[in-house]
Every structure is written in C-alpha cells, then in structure tokens.
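Peer 1: Okay, here's the structure, questions in a sec.
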Amino acid sequence: MFIEILILIISLAALVYSADKFVFGAAAIARNFGIAPMIIGLTIVAMGSSAPEMIVAATAALQGSSDTAIGNAIGSNITNIALVLGITALFKPLLVSSMTLKREIPILLVITLIASYMLFDLNFTFIEGVILMVGFVAFISILLLVSLKQRKSNKIDDPMILEAEQDIPENVKTAAAMFWLTFGIILLPLSAHFLVDSATFIAKAFGISDLVIGLTIIAIGTSLPELAASVMSIIKKEDDLAMGNIIGSNIFNILAVLALPALIAPGTVDSEVASRDAPYMIGTTFLLFLLCFSRSGQFRITRMKGAVLFIGFIAYQYLIFSQ
C-alpha cells in the first residue's frame, strides 16, 4: 500500500510539472512562429491549467474508470471555486474589472446546469459528449472572434487579456521550446496512467469508489496548477487573471474534460453524481455568481466571501466521507 501511495504522489507531481512544461513549450513555439500573443493567451495558456484534468479524464475513460473521469471534472470545478478561489481571496481580496469575466461567469453557470442535467438520468451518452465538445469549440471560437474584433479596432483594454499576454514566455529558443513540448507530451500521459492505476488500487483497498477518488485526491491534485497560477497572479497584482484562471478552467472542465468519458466510454454513471455531486457543483457555481455580482455593481471577492467559499469546500469533503 505504501508503494501505491508513493506512486500516486510522484505521478501527481509529475502530471502537474509536465503540464506546465507542455504549456511553456507550446506557447513559446507559437510565439516564435509569429502567432499573436492574445491568441496564445486565450487558447494555449488558458487551456494549459486544465491539461492535467483532460489527460487524467482520457486515461481513466480508456482504462474503464469513467466514474473517476467524471469525478475529476466535477471535483475540480468544486475545488477551483471553493478551495482555490477561497484561499486566494483569504490571501488577498480580488477586485475584478474584466468585462470578459463578467460575461463568462453567467456562461459557466448555464453550462454547469446543462451538463448536470445530462448526468441526472445516470446515463452519459456519446451524443451528450459531442454536444459538450461542440460547445467547447464554439466557446473558444466566439471568445477569439470577439477579442480579434477588439484588437482590430485598437480597443483591447480588458485587463484579463492584457495580463494573459504578459505571461507568455519570451526569448525562448525554438529548440528549447520543442524539447519542453516533447517532454510534456511524453510525460503527461505516462504520469496520468500511473496516477489512475495507483488511485484505483487505493480506492479498492479502502473500499472507496472510483468516483470518490476522482472527486477528492485526483481533483485536488489536478487543481494545484490553478492554485499556483492564482496565487502568483495576485502577488503580481493581476486580480483579473487570477479569477480568469479559475473561471476559464471550470468552463474547460465542463465542456472539454467532462465530454471525454462520454466520448470514449459512454454508459451508466454512479448514482451519487446525480444526488450529491452535480447539485453541489451547481450550488457552488451559483454561490460564486451571487458573491461576484453585488448591489453596488463592484465585482469583488472579499476575505469574508473567500471564507464562505472555503467553508463550503470543507463541508463538501465532510459530506463525501461521512457517507
């Protein structure tokens, strides 16, 4: 058992590290080939924080553990809002002015409701996976079109987009970028394979379901990039980017990550998803919506609001393990 736990910890660390290097290499190569920083920031860098979830979901589904993949997507969204944003706001209150984010939070709430509705009948179909993936492509396309339109009119003043552009690596040689891209491509699926294997073994040894492992250990582990990115953003006084990392990651988790188990291994879903986890994800997302949009019109997450979110995370962990 000790060996399996050690493998789980090492593979989780390798997964997070390889995802970071994959994004670094891909973004540097894109910049060297003349792709606009705005496009890189809104696609490669934005999706990078969800890379661990995507690889784990695909690996778990291919290995017949669809509940682990579904749990990872749902658990990551709850963790991002309640734990990552909660801790970030406790560390420093967030004041957000990005219009992009103000549009994306209602979108996140709507797609969360749609995805949860798909899961409520406990049968996740291939068609539902296609719908989510089409929604993902449409979301990225619309986001890019709106941003490109603003760029052409020289009206790019959205703090989140400007801050995302600044985070793209500069002066990286193409050979070095190719090395890190290749390194990430090799290590990402390899670490995900060992992570899913060890997590499944531990779950069976302790009589825990694959779903719970996905909701807890794997979800928290794969959310570490969002936590690191958010903390670094507020240290650099980039509040909009800190919030953007979380909102963007949750949208990608719903549309792209959750789509993978339906596309790869459609079928029945653990009943706890409909009765406990999807409703809690809806509740957490709706709480974020309420906390962000105040009567004064200010888009602000205070320390008190951060504490409320963090307590919500603790309550969810208690709910899972008390059952």
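Peer 1: What is the dipole size for the chain, taken about its Cα centre, with +1 at each Lys and Arg Cβ and -1 at each Asp and Glu Cβ, in debye to the nearest 20?
Peer 2: Dipole about the Cα centre, nearest 20: 940 debye.
Peer 1: Another one. So if each residue of separation counts as 0.36 nm, and I subtract the Cα-Cα distance between residue 113 and residue 142, what length gain in nm does that give?
Peer 2: This chain segment gains 8.4 nm when fully extended.
Peer 1: Modelled label-to-label distance, residue 302 and residue 2, 7 Å Cα→beta-carbon offset: nm?
Peer 2: It works out to 5.0 nm between the two label points.
Peer 1: I want to make sure I understand the PRE zone here: with the label point 7 angstrom from the Cα of residue 232 toward its beta carbon, which residues in the range 49-83 have backbone N atoms less than 12 Å away?
Peer 2: The answer is 49.
Peer 1: Sticking with this one: With the crude spin-label approximation of a point 7 Å out along Cα→Cβ, what separation in nm comes out for residue 95 versus residue 317?
Peer 2: 3.2 nm
Peer 1: Where the convex hull is taken over the Cα atoms of the range 2-322, what is its projected area averaged over directions, in nm²? Don't skip to the answer; put the middle values down first.
Peer 2: Working: hull surface 63.9 nm².
Taking a quarter of the hull surface, the average projection is 16.0 nm².
Peer 1: Further, regarding this structure: Which helices count as membrane-span-like in the chain under these terms: full DSSP H, at least 30 Å along the axis by C-alpha, Kyte-Doolittle mean of -1.0 or more?
Peer 2: Helix filter hits for the chain: 2-32, 99-119, 126-152, 174-205.
Peer 1: Where does each of 21, 173 land when they are ranked from fewest to most other beta-carbon atoms within 10 angstrom?
Peer 2: If I rank by nearby Cβ atoms, fewest first, I get 173, 21.
Peer 1: Highest mean first, what order results for 315-322, 189-196 on Cβ atoms within 10 Å?
Peer 2: So the order, starting with the most tightly packed, is 189-196, 315-322.
Peer 1: Taking other Cβ within 10 Å of each residue's Cβ, how do 240, 121, 197, 277 sort, fewest first?
Peer 2: 121, 197, 240, 277
Peer 1: Which FRET efficiency, nearest 0.05, do residue 13 and residue 176 yield, Cβ-Cβ r, R0 22 Å?
Peer 2: 0.45
Peer 1: Ok, one more. Using the per-residue mean of other Cβ atoms lying within 10 Å as a proxy for protection, in what order, highest first, do the peptides 253-262, 222-231, 278-287, 179-188 fall?
Peer 2: Values: 253-262: 27.4, 222-231: 23.1, 278-287: 19.1, 179-188: 17.5.
The packing order, highest mean first, is 253-262, 222-231, 278-287, 179-188.
Peer 1: Another question about this same structure. What nm distance separates the two modelled labels at residue 33 and residue 208, each placed 7 Å from Cα along Cα→Cβ?
Peer 2: Here the modelled spin labels are 4.1 nm apart.
Peer 1: Show that you can apply the helix-only estimate: for the chain, add -39,500 (n - 2.57) for every DSSP H stretch of four or more residues, divide by all residues, and state [θ] at 222 nm to the nearest 500.
Peer 2: Per the formula, -23000 deg cm²/dmol.
Peer 1: Below 8 Å, C-alpha to C-alpha, sequence gap of six or more: please give me the relative contact order for the chain in percent.
Peer 2: 43 percent
Throughout, read-outs are computed from the coordinates displayed, never taken from laboratory work. From a predicted model like this one, the values you see are computed outputs, not experimental measurements. Methodologically, a virtual Cβ is constructed for each residue, glycine included, from the backbone with ideal geometry; neighbour enumeration extends over all protein chains shown.
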